[in-house]
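Below you'll find the structure, written out as structure tokens, and then a few comments.
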Amino acid sequence: MSEFPVKPLKRILKNHHSGEVSEETIIYVRDILLIFTEYIAKQAVEEFHTMNSRRTKNGLSPLKRLDKTSFKIVWERIYKQFPDEKIGEVGKHNDTLLCQDGANYV
């Protein structure tokens, strides 16, 4: 599992941490990225085949090259599963709920 170079990863980690970063950490992050990339590639190829079968059913010729669209669709599916940090947990810290008529309920 050494297809990714470690220098760019080290640079990225150092951008977020002012201290030293161990080689074990960099290698571990690289391995995580490889596993994640393999997963995305597999999902994108499946999406590509699905898209081509839809194209064929609609009378269009199938695409021959794996395109960016397949990866974009897969990434958007994955990204939607991340929690939205901008929203926060509205109402979690309130003990009193207000109704539209202004009545308080505990």
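The values are calculated or read from the model by the stated rules, or taken from the named source; none is laboratory data. Quantities reported herein were computed from a predicted structural model and do not represent experimental measurements. Backbone-built Cβ (ideal geometry, glycine too); neighbour counts: all protein chains shown.
Summary table
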item: Residue match in the stretch 50-70 (condition: surrounded by 11 or more Cβ atoms within 10 Å (Cβ to Cβ), of a type outside the set (Ser, Thr, Tyr), within 20 Å of the chain's Cα centre (by Cα) and assigned to a helix (DSSP H, G or I)); result: no
item: Selected residue (only one of 21, 90 is closer than 21 Å to residue 4 by Cα, modelled with pLDDT under 95 and not in a helix (DSSP H, G or I)); result: 21
item: Flag if residue 9 is at pLDDT 80 or above, in contact with a Lys or Arg (Cβ under 6 Å, 6 or more places away or on another chain), of a type outside the set (Ser, Thr, Tyr) and in a helix (DSSP H, G or I); result: yes
